[in-house]
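The values are calculated or read from the model by the stated rules, or taken from the named source; none is laboratory data. Remember, predicted model here, so these are calculated numbers, not experimental data. Note: ideal-geometry Cβ built from the backbone for every residue, glycine included; neighbour counts use all protein chains shown. The area values use the complete protein model at the heavy-atom level, side chains included, leaving out ligands, DNA and RNA. Shrake-Rupley method; radii C 1.70, N 1.55, O 1.52, S 1.80 Å.
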Amino acid sequence: MADPSSYRPKPGEIPDSPGVYKFRDEHRRVIYVGKAKSLRQRLASYFQDLSSLHPRTATMVTTAASVEWTVVATEVEALQLEYSWIKEFDPRFNVKYRDDKSYPYLAVTLNEEFPRVQVLRGAKRKGVRYFGPYGHAWAIRETVDLMLRVFPVRTCSAGVFKNHRQKGRPCLLGYIGKCSAPCVGRVTPEEHRELAEEFCDFMAGRTGAYIRRLEKQMTAAAEEMEYERAARLRDDIEALKRALEKNAVVLADATDADLIAVAEDELEAAVQIFHVRGGRVRGQRGWVTDKVEAVDTPGLVEHALQQLYGEESGDAVPKEVLVPALPEHPEAVSQWLGARRGSLVSLRIPRRGDKKDLMATVERNAQQALALHKTKRASDLTTRSRALEEIAGALGLDSAPLRIECFDISHLQGEDVVASMVVFEDGLARKSEYRRFQIKSFAGQDDVRSMHEVISRRFRRYLAEKDRTGEWIGADTPGDESVAAGEPTAAGRPEDDGRPRRFAYPPQLVVVDGGAPQVAAARRALDELGIDDVAVCGLAKRLEEVWLPGESDPVVLPRSSEGLYLLQRVRDTAHDFAIRYQRSKRAKRIRTSPLDAVPGLGETRKQSLIKHFGSVKRLRQATIEQICEVPGMGRKTAESVVAALAQAAPAAPAVNTATGEIIEENDGGSTT
């Protein structure tokens with residue numbers, strides 16, 4: 001491990017101008033490439049105290065052995081040079097987007113004498129017009145099959161074309177009218193090229209004028225009583241309309257734009273791109289990347305733009321690029337995109353209307369892509385086995401933890417404090433074993449104390465079950481509140497139905513969402529109960545560090561570790577489960593009314609009271625006699641209502657933060 005101070009440039013050596021810099025390791029390999037508006041300020045930020053750097057940045061500067069830089073004139077040149085060097089050196093600490101597949105394009109080979117329509121993948125070729133990318137090759141073939149009726153362009157390979165030219169007769173497509181048969185001279189090279197260019201114009205979005213022209217020709221043929229020709233034109237129009245229906249209209253103003261969305265967590269990020277041409281989604285693609293460097297959303301967007309348009313030019317770069325966050329220097333990136341397109345490119349965040357709605361759809365696709373990527377890793381048996389083995393090795397366990405339980409605490413500013421327990425068996429979620437808890441022993445915010453209570457309650461229940469039977473026993477009855485609370489009750493349970501009771505099966509590993517304090521609380525709770533055969537660890541969310549009881553330093557699993565992926569997924573699942581429970585309790589509390597405490601007062605009579613008096617505030621001011629005037633209200637019930645409202649403290653008045661207006665209560669405990 002190198003000391004960054006050993007290769008730190010001397011003061012005054014680094015110019016205060018735009019440029020690109022490279023960090024090299026001891027073997028002179030480039031390990032990181034970056035750009036800066038001011039090289040002096042940017043490079044100085046790397047040579048701080050290591051404890052103040054992001055862990056990934058600290059790893060990079062201690063791996064490096066030297067740094068060098070190149071001065072450029074503008075930020076645009078810096079962006080171009082950074083992209084070139086990343087492609088050339090493939091630095092290990094730079095974000096790299098990786099395709100999970102090679103996306104197919106619809107390509108028209110305009111560089112040939114007789115242009116051909118085909119499906120192409122991989123690097124783009126000069127003189128070939130591309131449309132897409134598409135999610136599946138069959139989607140391209142369906143579209144082409146519909147359009148060949150109107151634009152009978154050649155689709156055969158060079159060998160097939162040459163063979164039929166020598167035979168002097170066309171292929172099957174030539175006989176059924178889906179190829180103009182240039183191989184046998186039915187059309188001239190000029191006529192065939194015109195067909196190919198019309199095909200390209202239609203695919204590029206110039207559809208309305210062409211369909212209107214066909215409709216006029218159909219009407220003229222019908223007026224001249226050329227009914228067969230009119231019928232053919234009618235079928236051509238229907239075929240084109242069916243091809244258009246495959247790409248739904250999403251933007252009414254015939255916009256040409258690319259929409260880019262990012263979904264990320266601490267370790268990975270997923271990028272999704274929708275290509276909109278002529279107001280229609282013409283293609284979709286996406287990548288998943290490891291977050292090797294310390295990068296935020298604007299940085300991920302900038303890397304995605306470089307990946308998308310670094311090799312593109314002309315119309316392949318759209319007039320408008322919509323992103324979830326602007327790069328650090330949006331003007332420079334816009335200029336770079338404009339230079340590649342040859343005209344102005346707008347780079348912005350959609351704020352309202354159809355474009356914002358479509359961006360929300362792209363964001364959902366990115367989130368699903370990231371979740372699917374993690375699920376695929378987790379669902380593979382070999383991967384799961386390796387993950388469990390890695391966890392066992394990292395934590396010093398005797399065997400792989402086949403059952404893992406994870407606990408998390410959730411609250412809102414100390415109110416509605418709850419906890420969750422999720423279970424993973426053999427690396428897969430066991431949702432039927434999930435449990436949730438209310439924190440009962442104290443009020444307020446104390447995550448460490450809450451964790452101690454939850455672990456104690458869960459394992460007290462386990463010990464009670466074990467002491468009573470000495471083995472697995474029957475399942476709890478549905479709706480048992482003590483189960484949700486985690487308190488052990490043994491009476492009145494069915495004895496044997498072949499299934500383990502709740503909390504009766506101990507885990508090999510307990511994971512808590514948090515760092516050293518939460519881990520110590522969990523270990524203390526187990527020690528107090530005399531349980532020493534259950535391992536405990538914590539996963540701290542910010543740096544993804546694994547904490548063990550009694551250790552002053554965390555265990556840092558490799559970034560690509562399958563064990564870390566599994567622990568992260570377990571922790572995130574517990575976190576989401578706890579948040580959902582906490583939100584449901586908060587919503588229920590907000591909906592409660594002082595009238596809920598009145599025995600025998602149903603929902604119908606509650607509504608009658610509120611309707612009669614107008615609000616809980618006015619009901620609180622009413623006398624027993626006035627309440628008895630409400631239909632269905634007897635004196636005993638009226639006295640109970642008065643007593644309940646007297647005990648319940650009136651809620652603080654609601655205030656409209658925009659106007660400062662105090663809003664009166666008008667229903668059973670809620671405000672509008």
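A few points about this structure:
- Loop-located GluC sites (Glu not before Pro) in the stretch 157-239 (DSSP state other than H, G, I, E, B) with a sparse environment of at most 13 neighbouring Cβ atoms within 10 Å: GLU224.
- Here the stretch 138-199 is assigned +1 on the Cβ of each Lys and Arg and -1 on the Cβ of each Asp and Glu. Its dipole about the Cα centre then comes out at about 440 debye.
- Note that the stretch 342-359 has calculated 3J(HN,Hα) couplings of x, 7, 5, 10, 8, 10, 7, 9, x, 9, 7, x, 4, 5, 5, 5, 5, 4 Hz, one per residue in order, obtained from phi through the Karplus relation 6.51 cos²θ - 1.76 cosθ + 1.60 (θ = phi - 60°); glycine and proline are x.
- Accessible surface of the stretch 1-117, 1.4 Å probe, proportion on carbon and sulfur as whole %: 48
- In the stretch 278-389, Cα pairs under 8 Å separated by at least six residues give a relative contact order of 22 percent.
- Solution diffusion estimate, µm²/s, Stokes-Einstein, the stretch 537-618, Kirkwood Rh from C-alpha pairs, 10 °C, viscosity 1.306 mPa s: 92
- Among the trypsin sites (Lys or Arg not before Pro) found in the stretch 393-471, not one is both in a DSSP coil and sparsely packed, with 11 or fewer other Cβ atoms within 10 Å of its Cβ.
- Protein heavy-atom accessible surface, 1.4 Å probe, per residue over the stretch 32-73: 46 Å².
- Cα-based equivalent ellipsoid, the stretch 344-419: semi-axes from gyration tensor eigenvalues, Å: 39, 23, 11
- Among the protein heavy atoms, those of ASP576 account for about 80 Å² of accessible surface (1.4 Å probe, every chain in place).
- Contact order, relative form, for the stretch 1-77: 46 percent (alpha carbon pairs under 8 Å, 6 or more residues apart, mean separation divided by residue count).
- A DSSP coil position with no more than 11 other Cβ atoms inside 10 Å describes the following trypsin sites (Lys or Arg not before Pro) in the stretch 1-79: ARG28.
- Separation of the GLN626 and THR383 label points, Cα + 7 Å toward Cβ, nm: 6.7
- Stokes-Einstein diffusion for the stretch 306-457 at 10 °C, viscosity 1.306 mPa s, with a Kirkwood radius from C-alpha pairs, works out to 77 µm²/s.
- The mean sequence separation of alpha-carbon pairs under 8 Å and at least six residues apart, normalised by the residue count of the stretch 6-133, gives a relative contact order of 24 percent.
- For the set LYS374/LYS431; LYS10/LYS37; LYS466/LYS585; LYS291/LYS541; LYS431/LYS585, the pairs lying more than 25 angstrom apart at their alpha carbons are LYS466/LYS585.
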